[in-house]
Amino acid sequence: MRIVSTPIGNLEDITLRALRVLRESDAIAAEDTRVTRKLLSHFDIHTPMIAYHQHSTGRRAEEILELLQSGKSVALVSDAGTPGISDPGHELIAMCIAEKVTLEPVPGPTAAIAALVVSGFGTSHFAFDGFPPRKLGERLAFFASLSRDTRTLVFYEAPSRLVKTLESMRKEFGDRKVVIVRETTKLHEEHFRGTVSEAIERYSPGQVRGEIVIVVHGASANESAPLESKPDELNDRLLLLVREGLSERDAIRRCMIEFKLPKRVVYSSWLRLKESLQE
C-alpha cells in the first residue's frame, strides 16, 4: 500500500511521484472522495476511489486489505497532508503491518512540519501532540504534563477552540512565546508571533477561520527543573479526594492540575501511598 501525502492548500505542492502513484494505483482509499476528486480532476487522474474515513468500520479496512492481498495496488490519501498524522490511516496501516503487506510512504506536505520550520524555534528536539483534549479538565491536565518539556511543542487546533486552548496554555505554561500558523500554503496564510496573552488578544475579537497549527516555545531551564514538591501535601490531597468518592484516575488527574505535576509523578506517589496503607 502506498501512503500518499497530498497538498494542504496549494496544489502546486503535489510531487511528481505522488501524481504517478495516484495514476498507476488500482484504487485510491480517500478520507473524503469529494475532496480528493477535486485534486484528481485538476491533474486529470481517473483512478477509482474507495471511501475510508474516521467513521469507517473495521470492515472497510478489511476490504482494502483484501484488495492488497489479492495483488491490487491501493494508494491511501487524506483530505490534505500526510495520512495518519491526525487523520485516518493508522488502523489500516497497522493491519497491513500485521499481515505483512508492503508499505510505501510517498512523502509530501505536512502542516505541523511547515509550521515548525517557519516558527523560528528550535527544531533539533520537538514534539507533535496533535489536537489537545476538548474538555477543560482534561486539557489542563494535558498541558500540565507538558509544562516542563524543553522541546518545541506543536499542536493542531480547530478555529472554534483556539482561544480556549490558548487560555489553558497560559494557565499551565505561563506567558510563553508562541507562533500560530493559519491557512498554511493557502491564499490567506497568516503567521502570528507573540506571547500567549498577545495571541489571546489577537484572536478573541472575532471568529477565527481556517486550519490552525500552534507552535509553543519549550520550557526554560528553570521551568524544566524538578519542582520542590511537598509529598506529604500531595499524599494528603490524593487520599482526601479518593475518600470523597473520586476514582483513582480522577484523583490523580485533579492533583496533576492542582500541583502542576506530570502524571508519572502523581501516579507513583499514589502507588506508594496505597502500599503504605495496605501494610
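Read the figures in this text as sums done on the coordinates, not as results from a lab. Quantities reported herein were computed from a predicted structural model and do not represent experimental measurements. Because the Cβ atoms are built from the backbone with ideal geometry, glycine has one as well, and the counts that use them run over all protein chains shown.
Structure note, pairs 171/274; 135/263; 164/274: Cα-Cα distances above 24 angstrom occur for 171/274; 164/274. By the beta-carbon count within 10 Å of each Cβ, the least crowded to most crowded order of 31, 12, fewest first, is 12, 31. For the pair residue 267 and residue 62, the difference between a 0.36 nm per residue extended length and the Cα-Cα distance amounts to 70.0 nm.
Going by C-beta contacts inside 10 Å, put 240, 76, 273 in order with the fewest on the left.
Details: 240 11, 76 27, 273 17.
Least to most surrounded, the residues fall as 240, 273, 76.
Each 5 Å bin, from zero up to the one with the longest distance, holds this percent of the alpha carbon pairs of the range 50-127: 3, 12, 23, 20, 15, 10, 7, 6, 2, 0.
As a rough guide to protection, the peptides 176-187, 116-127 ranked by mean Cβ packing within 10 Å, highest first, stand as 176-187, 116-127.
Note on 15, 102: ascending count of other Cβ atoms within 10 Å places them as 102, 15, the fewest first.
When the Gaussian network model of the chain links Cα atoms closer than 10 Å, the mean-square fluctuations of 253, 148, 237 top out at 237.
Setting aside same-chain residues fewer than 8 positions from residue 72, which lysines have a Cα under 30 Å from its Cα? Answer for residue 72, where 30 Å is the Cα cut-off: 38, 100, listed by chain and number. Inter-label distance, residue 98 to residue 42: 3.6 nm, where each label sits 7 Å from its Cα along the C-beta direction. Taking max minus min of the alpha-carbon positions on each principal axis, the range 2-109 gives extents of 35, 26, 22 Å, largest first.
With contacts taken as Cα pairs under 8 Å at a separation of at least 6 residues, the chain carries a relative contact order of 17 percent. Bridgeable aspartates and glutamates around residue 260 (alpha carbons under 17 Å apart, same-chain partners fewer than 8 residues away excluded): 138, 149, 167, 172, 175, 223, 228, 232, 233, 236, 250.
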